[in-house]
1. In square angstrom, rounded to the nearest 10, how much accessible surface does MET183 have for a 1.4 Å probe?
2. Given q = 0.08, 0.11, 0.14 Å⁻¹, what are the Debye log10 I(q)/I(0) values for the chain, with equal point scatterers placed on the Cα positions and solvent ignored?
3. Please list, ordered by chain and number, the residues whose modelled amide H lies under 5 Å from the amide H of SER179; skip anything fewer than 5 residues away on the same chain.
4. Which of VAL103, VAL163, VAL189 moves the most in a Gaussian network model of the chain with Cα springs under 10 Å?
5. If DNA, RNA and ligands are ignored and the probe is 1.4 Å, what is the ranking of ILE159, ILE125, ILE31 by accessible area, most exposed first?
6. Would you mind working out the accessible area per residue for the chain, using a 1.4 Å probe, and quoting it in Å²?
7. Would you please give the residues with an amide H less than 5 Å from that of ARG104, counting only those at least 5 places away or on a separate chain, with H modeled from the backbone geometry?
8. With no solvent and one point on each alpha carbon, what is the Debye value of log10 I(q)/I(0) for the stretch 94-205 at q = 0.09, 0.10, 0.11 Å⁻¹?
Amino acid sequence: MVSLSTWVRYAATKFEYSVVLGWKKYNVGQINGGQLSDAIWKNFFQGKLTFLHWTKGEQMAPTVAGDGGTLLVRKLPFPAPTQVFVGDVVLLKDPEKPSDYLVRRLAAIEGYEMVSTDEKDTPFILEKDQCWVLSDNESLKPKEARDSRLFGPVPMTDIVGRVVYALRSAVDHGPVLNSRLAMNQDSSVLAVELDIDEMAKGAKM
């Protein structure tokens, strides 16, 4: 049973998302000024803040099992340092295969100084709107992990969502450990939109 206070927080979060998404569509010319209000309210009443994504691979073990899992992803229409934080598990466009997506953990954002363990590499600072992502599986080499150690910094705009829940099997599932700020922001969304049965149906097991 979802409490009234949680519903209020969820509604506020959803309205903010609807406004941001409406403005984004307006700014790129997908809708005109007269359609903006309708677009905001339509998304608020009919849209969802999350979607399901299936992924596999050893890169994010143990967060996601190597043989695959279904993830609940919170949409981020405007991924900025105030919306996505260091420590969050994110879904982003694959820098090497633009039509695919990767799940990685956000390790650094703009302004962070990156220092390599290899003394031959020159330290550098992440530029505006850049971020650094890493796999959770520390036993993998950079080429196997396919993270920023291989392809370098990625644009923040390539982040499409934050992973909030992982279903590895029918008996092994739970919230994803993200930053404290993110988990606080996502708690009402998770309480309202999480549907284990729906996630299990979409699982490729």
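1. Roll a 1.4 Å probe over it and MET183 shows about 80 Å².
2. -0.30, -0.56, -0.89
3. The answer is ASP88, VAL89.
4. Answer for the Gaussian network model of the chain: VAL189.
5. ILE125, ILE31, ILE159
6. Roughly 57 Å² per residue, with all protein chains present.
7. Answer set, sorted by chain and number: VAL90, LEU92.
8. Debye output, listed in q order: -0.31, -0.39, -0.47.
The values are calculated or read from the model by the stated rules, or taken from the named source; none is laboratory data. For clarity, every value in this text was computed on a predicted model and none was experimentally measured. Glycine also receives a Cβ, built like all others from the backbone with ideal geometry; neighbour counts cover every protein chain displayed. For accessibility, only protein heavy atoms count, side chains too; no ligands or nucleic acids. Shrake-Rupley method; radii C 1.70, N 1.55, O 1.52, S 1.80 Å.
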